[in-house]
Amino acid sequence: MAQLTMRLVLLHFFELAKAFKAAKVQPERSIVFLAVTAEEQGLLGSQYYAEHPIYPLNKTVANLNMDSFNPVGAMNGFRVTGTGQTELEDYAILSGAKFNRKLVPEGSPTSGGFYRSDHFNFVKVGVPGLYMGSGGDYLESDTTIIKKRQEALAGRYHAVTDELDDHWNFDGILADIRLFFDIGYTLSMDTIFPNFKAKSEFKELGDKRLSK
């Protein structure tokens, strides 16, 4: 992960943690913020936690994976990588509706993104994971501005040019953080343990974990 992107994700973690701490009604369930390393070396950090969890896996409700954010602008929807895999998708749809955001189709479902990010190590031990980000149409009506930002930011990821400048727009980033918070808070106040959907190849793992 590029240096700036990593710093921003950590800042998002801290802001979300502060938001949970500041909630008038505190979450009923514990919330763990985990910043893992060595993702692109084989998801090694998340693998270690999944093999040596602080809290028992059969008491771990879900994993919300914040892998990257959209610096171009706010959008009217969101995408779930691995659509149809877990019941967390249903929570995302309900939370999205509060912000007038709808679930849109994955951009490239055959690329295997569901199996290549840190939530997947939780999935492999039966804990449902939600890998989500912006999708749909930009709310900015001036397409020239959007195109200018996209062109200016293209090719920066994993490059020394991944630095903050005037082309960054934080509207979409803040919108995604609010969506993650609402999903997390809803889960934290619930008594249900979400599982994998019936057609998921991981449903048996989820059933096994919940039966312990």
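The values are calculated or read from the model by the stated rules, or taken from the named source; none is laboratory data. These figures come from a predicted structure and were not determined experimentally. Ideal geometry is used to build each Cβ from the backbone, glycine not excepted, and the neighbour counts take in all protein chains shown. Calculation scope for accessible area: heavy atoms of the full protein, side chains included, ligands and nucleic acids excluded. Shrake-Rupley method; radii C 1.70, N 1.55, O 1.52, S 1.80 Å.
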Revision key, fill the gap. Heavy-atom accessible area per residue of the chain, all protein chains kept, 1.4 Å probe, expressed in Å², is 56 Å²
Point to revise | Most fluctuating residue given options 90, 118, 142, as computed from a GNM of the chain linking Cα atoms under 10 Å | key: 142
Study note, to complete from the structure: Sorted on mean Cβ neighbours within 10 Å (highest first), peptides 159-166, 204-211, 44-51 come out as 44-51, 204-211, 159-166
Practice item. Determine the percent antiparallel among the DSSP beta bridges restricted to the chain, to the nearest 5. Key: 50 percent
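Determine the calculated [θ] at 222 nm for the chain from helices alone, applying -39500 (n - 2.57) to every DSSP H run no shorter than 4 residues and normalising by the residue count; nearest 500 deg cm²/dmol.
Values: 7 runs with 81 residues, N = 212.
The helix contribution divided over the chain gives -11500 deg cm²/dmol.
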Point to revise | Fluctuation leader among 69, 78, 33 - the chain, Gaussian network, Cα springs under 10 angstrom | key: 33
Revision key, fill the gap. Ranked output for segments 192-200, 16-24 by mean other Cβ atoms within 10 Å, highest leading, reads 192-200, 16-24
Revision key, fill the gap. Net charge near residue 131 (other residues with Cβ under 13 Å of its Cβ; Lys, Arg +1; Asp, Glu -1) is -4
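Taking all protein chains as present, what is the carbon and sulfur share of the accessible area of the range 31-139, in % to the nearest whole number, probe 1.4 Å?
On the way: 2780 of 5170 Å².
For the range 31-139, the apolar C and S fraction of the accessible surface comes to 54 percent.
So, with +1 on the Cβ of K and R and -1 on the Cβ of D and E, and no other charges, what is the size of the charge dipole of the chain about its Cα centre, to the nearest 20 debye?
Working: 23 positive and 26 negative charges, 128 e Å.
It comes to approximately 620 debye.
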Revision key, fill the gap. Here, residue 52 and residue 34, labelled 7 Å along Cα→Cβ, have an inter-label distance in nm of 1.3 nm
